[in-house]
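A.B. asks: Take a look at this one; I'll ask things after.
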Amino acid sequence: SKKKGLSAEEKRARMMQIFFETKDVFQLKDLEKIAPKEKGITAMSVKEVLQSLVDDGMVDCERIGTSNYYWAFPSKALHARKRKLEALESQLSEGSQKHANLQKSIEKAKIGRHETEERTMLAKELSSLRDQREQLKAEVEKYKECDPQVVEEMRQANKVAKEAANRWTDNIFAIKSWAKRKFGLEENKIDKNFGIPEDFDYID
């Protein structure tokens, strides 16, 4: 049936529609009645969906007496999306700087040396990184103009940014490994010369 066919993200998006459309405050029992009737979300899954939205900071929850009350307003969603965009742009800026520093070091290493298969492969990897960076910038620009209620699209943008940042991290680690093997450089010297922080690692 249609209800059984809803994915977790579709349920989350439909739950957010209830809050945005009504701009009201609800208890869990209220949502367990409204969600199945108006949005096709089974009553048994309402609590799980609601908790996931609370955990992600998309829905507010306050305990008053013995009851929990839930609400989410479009204005908060807009501010949350702006903060996420700022975080994405910061990651882009940091990744671009690291990329530029690494490319400069590679250009210096090429001076006076014959072209090798390793350097050819590395140049292709750097070109791919530039393309990925531009694609991610385009994604960020696209989401700047989005309606704050497009919750699912924002989550997908975050996923793309995280994956892209971790791909950059993979390539940076690969370049460091190549530099150590090729030129006998110590890792701490590579990090210091290229401005790579000690805690540089993958994004969880």
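The values are calculated or read from the model by the stated rules, or taken from the named source; none is laboratory data. Everything numeric in this text was worked out from a predicted model, so none of it was measured. Glycine gets a Cβ as well: all are built from the backbone with ideal geometry, and neighbour counts include every protein chain shown.
Residue-wise test of (1) surrounded by 17 or more Cβ atoms within 10 Å (Cβ to Cβ); (2) out of contact with any strand residue (DSSP E or B) (no Cβ under 8 Å at 6 or more places or on another chain).
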{"position": "6", "(1), (2)": "yes, yes"}
{"position": "11", "(1), (2)": "yes, yes"}
{"position": "20", "(1), (2)": "no, yes"}
{"position": "43", "(1), (2)": "no, yes"}
{"position": "48", "(1), (2)": "no, yes"}
{"position": "54", "(1), (2)": "no, no"}
{"position": "57", "(1), (2)": "no, yes"}
{"position": "62", "(1), (2)": "no, no"}
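A.B. asks: So, one more: In the range 22-41, what count of residues is obtained for those that are surrounded by 12 or more Cβ atoms within 10 Å (Cβ to Cβ), of a type in the set (D, E, K, R) and at positive phi?
C.D. replies: Final tally of qualifying residues: 0.
The rows are residues; the columns are (1) at pLDDT below 90; (2) polar (S, T, N, Q); (3) within 24 Å of residue 164 (Cα to Cα).
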position	(1), (2), (3)
4	yes, no, no
17	no, yes, no
43	no, no, no
73	yes, no, no
85	yes, no, yes
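A.B. asks: Same structure again: Only residues that are buried (at least 18 other Cβ atoms within 10 Å of the Cβ) and among the basic types (Lys, Arg): list them for the range 168-184, please.
C.D. replies: Listed by number, the list holds a single entry, 176.
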